[in-house]
1. Looking only at the range A:37-75, count every residue that is touching an Asp or Glu at 6+ places or on another chain (Cβ under 8 Å), surrounded by fewer than 16 Cβ atoms within 10 Å (Cβ to Cβ) and modelled with pLDDT of 80 or more and tell me the total.
2. Which residues, taken from the range C:1-16, are within 8 Å of another protein chain (Cβ to nearest Cβ), open to solvent by 40 Å² or more (accessible area, probe 1.4 Å) and not in a loop (DSSP other than H, G, I, E, B)?
3. In this structure, does C:ILE187 turn out to be assigned to a helix (DSSP H, G or I), in contact (Cβ under 8 Å) with a residue 60 or more places away in the chain, touching a helix residue (DSSP H, G or I) at 6+ places or on another chain (Cβ under 9 Å) and open to solvent by 40 Å² or more (accessible area, probe 1.4 Å)?
4. Out of C:ILE161, C:ILE218, C:ILE227, report the one residue that is open to solvent by 30 Å² or more (accessible area, probe 1.4 Å), part of a helix (DSSP H, G or I) and of a type outside the set (S, T, N, Q).
5. Any residue that is in a helix (DSSP H, G or I) and at positive phi - is there at least one of those in the range C:136-158?
6. Quick check on my filter: what residues within the range B:5-55 are over 27 Å from C:SER49 (Cβ atoms), open to solvent by 70 Å² or more (accessible area, probe 1.4 Å) and at the interface with chain C (Cβ under 7 Å from one of its Cβ atoms)?
7. Can we say C:LEU173 is closer than 25 Å to C:GLU9 by Cα and assigned to a helix (DSSP H, G or I)?
8. Out of everything in the range C:121-154 that is within 14 Å of chain A (Cβ to nearest Cβ) and open to solvent by 50 Å² or more (accessible area, probe 1.4 Å), what residue ends up being farthest from C:THR91 (Cα to Cα)?
Amino acid sequence: MNKGSEFRRGLSIAFRLGTELTVAVMIGAVMGYALDRYFNSKPWFLAAGVILGGAAGCLNVYRVSKEITVENDKDQNNGV
Amino acid sequence: MPQFEQVEVFHSLIFWSLISFAILFFLLKRFAFPPILEVLEERENKIRSEIGDAEKLRQEAEGLKADLGRELKNAHEKAQTIIQMAGDESKKIQEKSIQETQVKVRQMQNDAEQEIQITRNKLLNEIRSYTAALTMASTEKVIKKSLSDDDKKRLIDESIEEVLREMESRGV
Amino acid sequence: MENPLHHFEIHPIVHLSLMGFDISISKAVIAMWVGLSIVFGLFMLVVKSGVRLIPGKLQIVAEISLGFIKDMVEEFIGEKEAPKYFPFIATIFFFVLACNLIGMIPGSYTITSQLVVTGVFATGIFILTLFIGFAKHGLHFFGILVPPGVPKIMIPIMIPIEIISMIARPVSLSVRLFANMTAGHTILYVLFGLAMSTPLMIGWLPFGFTVAINGLEIAIAFIQAYIFTILTCVYIGDVIHLH
């Protein structure tokens, strides 16, 4: 893998991570809000949704970072 | 934000973007991608085979190089032995000539010494004979007065005889 | 100064309707067509002038971009399945790239700055991944909701989290593209408005910024197209390999 493609990969990961976390929280919130409306149980589902959404966002970020380490390992193995 | 508020244009945007995407997809899949991908593949194969060929050539060249190196080394060794031999030969010749010269010189020396010896002997003999004659003559003169005529005659004869014999023996 | 978001409004040019739906052709649609025609035209130029083993300049560009996408597809989806998905993913890349870039021309329109459009594509890709997942693994596909190595007690919590993170994928995919394109164009618009409305003595400053940000926007157009494509690959690859 050459340097240019490494740079692009890094850039794409940087651009991904920001939205990854926010969007997950947003989705959790929206889903919780919808469930609250349906069951008329404000604000429990919303709160749970935000927490689960945050967890999901963290999970996504964690997966992306694992992807990076796997890539690095692969590169190092290839390099040596 | 008009992107959220202008709901009335959503249908048209969705419709046309999907249609356009589908058309682009089929057109590219049909006409554009296959030839380009094919040429990519072809080039990859070509490069691969050429790299293989190059590798083979490289190995061959390496073999040739090793051969050449070996030959060069042989030639070098041969040249070295030739030089060695020539050096030995020249040394031998040199030694021989020195020996010969030495022998010659020694012989010349011997010859010269011999000649000197001979000459010296000759001279010594000559001197001895002259001295003898002289001594005899002087002795004769001293003795002449005291001897009788008969004795005189006999002694003179003897002396003459002696000198003659001497001279004869010397070949003078 | 007028509302900087004003220029994202869409005004129909040719009024059309199909089965009761308004499908009028607007500036956005025309700009998209121009962009896509340029892409297709360039490809046809390469193909019609004859692809050769020793490529011309345009052919090199086409080959590099296709080779790049090919490597990406092979890396994330796997070499065996790659040829099946390559045309689709390459088309996504060129579609997004053309739409992003055509918007850089002043007076045209970036259709990817419409959330509905990016949303439709992201949803389409999401549904496609679900479809592929069920076709490939049947009911085992639900296993994607439970990551490997999770203790049994955690499963009731993990399933909602995984559902949210699954849904977050198309949403973040579409929101990212939409937000980047909208923000870039809005900044350009505001700066350009500043440059026009101030006297020349100060006006050159925002104008210089406009030029600089224009360059940045072109880079972002490429990066966003790249991210959209690579994430499509990642998502499809995920459902094919299932952990």
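The values are calculated or read from the model by the stated rules, or taken from the named source; none is laboratory data. What you are looking at is a predicted structure, and each value in this text was computed from that prediction instead of being measured. Counting neighbours? That spans all protein chains shown, and the Cβs are built from the backbone with ideal geometry, glycine included. The protein model used for the area step is the full one, side chains on, heavy atoms only, and it has no ligands, DNA or RNA in it. Shrake-Rupley method; radii C 1.70, N 1.55, O 1.52, S 1.80 Å.
1. Final tally of qualifying residues: 2.
2. C:HIS6, C:PRO12
3. On the way: assigned to a helix (DSSP H, G or I): yes; in contact (Cβ under 8 Å) with a residue 60 or more places away in the chain: no; touching a helix residue (DSSP H, G or I) at 6+ places or on another chain (Cβ under 9 Å): yes; open to solvent by 40 Å² or more (accessible area, probe 1.4 Å): yes.
Against the criterion (assigned to a helix (DSSP H, G or I), in contact (Cβ under 8 Å) with a residue 60 or more places away in the chain, touching a helix residue (DSSP H, G or I) at 6+ places or on another chain (Cβ under 9 Å) and open to solvent by 40 Å² or more (accessible area, probe 1.4 Å)), C:ILE187 does not qualify.
4. Working: C:ILE161 fails: open to solvent by 30 Å² or more (accessible area, probe 1.4 Å); C:ILE227 fails: open to solvent by 30 Å² or more (accessible area, probe 1.4 Å).
Just a single option satisfies the conditions, and that option is C:ILE218.
5. The first filter runs over the range C:136-158 and keeps only residues in a helix (DSSP H, G or I), leaving C:136-145, C:152-158.
Within this subset, residues satisfying the condition of being at positive phi are C:138.
Within the range C:136-158, one or more residues are in a helix (DSSP H, G or I) and at positive phi.
6. B:GLU8, B:HIS11, B:LEU18
7. On the way: closer than 25 Å to C:GLU9 by Cα: yes; assigned to a helix (DSSP H, G or I): yes.
Judged against the criteria, C:LEU173 is a match.
8. Just the residues of the range C:121-154 that are within 14 Å of chain A (Cβ to nearest Cβ), to begin with: C:122-123, C:126, C:144-150, C:154.
Imposing the further condition that a residue be open to solvent by 50 Å² or more (accessible area, probe 1.4 Å) reduces the set to C:123, C:148-149, C:154.
Details: C:THR123: 16, C:PRO148: 34, C:GLY149: 37, C:MET154: 40 Å.
Restricting to residues being within 14 Å of chain A (Cβ to nearest Cβ) and open to solvent by 50 Å² or more (accessible area, probe 1.4 Å), the top hit is C:MET154.
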